[in-house]
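Asker: Following this message is one structure expressed as structure tokens.
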Amino acid sequence: MTSSSNAYWPPSPGYWPSSKFKSMSFYKGFTNLWGPQHQRLEQNALTIWLDRNSGSGFKSVRPFRSGYFGASIKLQPGYTAGVITAFYLSNNEAHPGYHDEVDIEFLVDDVPIRRYPRKSDTTFPIRPMWLYGSIWDASTWATEDGKYKADYKYQPFVAKYTNFKASGCTAYAPRWCHPVSASPYGSGGLNSQQYNAMRWVQRYHMVYNYCQDPKRDHRLTPECWG
């Protein structure tokens, strides 16, 4: 969804971190989590789908302390209100009710969408997290707080994941482990071209920013301050 009909393609970020990381086979790094009957693997392309009976999900075999994570994801075209196709980091199974989560947004390869520098140790995730992917019905809250529901006359809702990347320091790596940086700078910052590309994306494609959501308790989001 775009906010302007004049927005078609972002400016070049000038740096492509995905080229630094090799793709892996699905079964080398991941396993089915739920809905195995709604999951199919062909030539290292994983297809998962949602219908009235079930959705499907998968997770990484290992938890990570830090790293680079990515995939190429083809989404269902047409009406998909209420349907969530996700790719994210979480430790909700290890810490139910008080977990960390990083949702991975995607638009165009290697174009930054958001950057949140570490401003507080208390709200920055430091516990190991697993990498997850899933498709499921979130009609109760997704798409304008549940205003628009999943319509199963369009089922199945299909998502295709390829080019899996998960590289970094696992929970079992020595403490001195440091993953390859996804930034052109050792400090982890963005260059001027990356900033320009990020501003373009935020101007033309961003439809929600939790930092500007008045319903959230922003005492818990120091990355939004300033």
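Laboratory data are not the source of any read-out in this text; all were calculated from the coordinates shown. Here the structure is a predicted model, which means the values were calculated and not measured. Note that we place each Cβ from the backbone using ideal geometry, even for glycine, and neighbour counts take in every protein chain shown.
Asker: FRET efficiency for Gln193 and Lys149, Cβ-Cβ distance as r, R0 = 41 Å, nearest 0.05?
Answerer: Efficiency, from the Cβ-Cβ distance: 0.50.
Asker: Need the full-extension length gain, Lys22 to Arg127, defined as separation in residues times 0.36 nm minus the C-alpha distance. One decimal, nm.
Answerer: So the extension gain works out to 35.3 nm.
Asker: If you average 1/r across every pair of different Cα atoms in segment 134-210 and take the reciprocal, what Kirkwood value do you get, in Å?
Answerer: 17.3
Asker: If I take all pairs of Cα atoms in segment 8-105, what percentage of them are more than 21 Å from each other?
Answerer: Pairs farther apart than 21 Å: 46 percent.
Asker: Express the relative contact order of the chain as a whole percentage, based on alpha carbon pairs under 8 Å and six or more residues apart in sequence.
Answerer: Relative contact order for the chain comes out at 32 percent.
Asker: Can you pull the Kirkwood radius for segment 107-170, inverse mean 1/r over Cα pairs, to one decimal in Å?
Answerer: So the Kirkwood estimate lands at 16.2 Å.
Asker: Could you work out how much longer the chain between Val108 and Tyr208 gets when fully extended? Use 0.36 nm per residue separation minus the Cα distance between them, nm to one decimal.
Answerer: Taking 0.36 nm per residue and subtracting the Cα distance, the gain is 34.3 nm.
Asker: As an exercise, take the mean of 1/r over every pair of distinct alpha carbons in segment 49-91, invert it, and state the Kirkwood radius in angstroms.
Answerer: About 13.1 Å, per the Kirkwood formula over Cα pairs.
Asker: A follow-up question, please. Restricting attention to segment 101-181, which trypsin sites (Lys or Arg not before Pro) occupy a DSSP loop and are surrounded by at most 16 other Cβ atoms within 10 Å?
Answerer: Qualifying residues, ordered by number: Arg114, Arg115, Arg118, Lys119, Lys147, Lys149, Arg175.
Asker: Let me ask something else about it. Would you mind giving the average projected area, over all directions, of the Cα convex hull of the chain in nm² with one decimal?
Answerer: Its Cα hull, projected and averaged over all orientations, spans 13.9 nm².
Asker: Choose one answer from Ile104, Ile135, Ile126: the residue with the largest mean-square fluctuation in a GNM of the chain with alpha-carbon springs under 10 Å.
Answerer: Checking each option, the largest mean-square fluctuation is seen for Ile126.
Asker: Which value, in Å³ per residue, describes the convex hull spanned by the Cα atoms of segment 66-179?
Answerer: It comes to 148 Å³ per residue, whole-number rounded.
Asker: Could you tell me which chymotrypsin sites (Phe, Trp or Tyr not before Pro) in segment 166-226 are loop residues by DSSP with no more than 14 other beta carbons within 10 angstrom of their beta carbon?
Answerer: Passing sites in segment 166-226 are Tyr172, Trp176, Tyr185, Tyr208, Trp225.
Asker: Could you pull out the trypsin sites (Lys or Arg not before Pro) across segment 1-87 that fall in loop regions by DSSP (anything but H, G, I, E, B) with no more than 15 other Cβ atoms inside 10 Å?
Answerer: Here the trypsin sites (Lys or Arg not before Pro) that fit, given the DSSP loop and packing criteria, are Lys22, Arg52.
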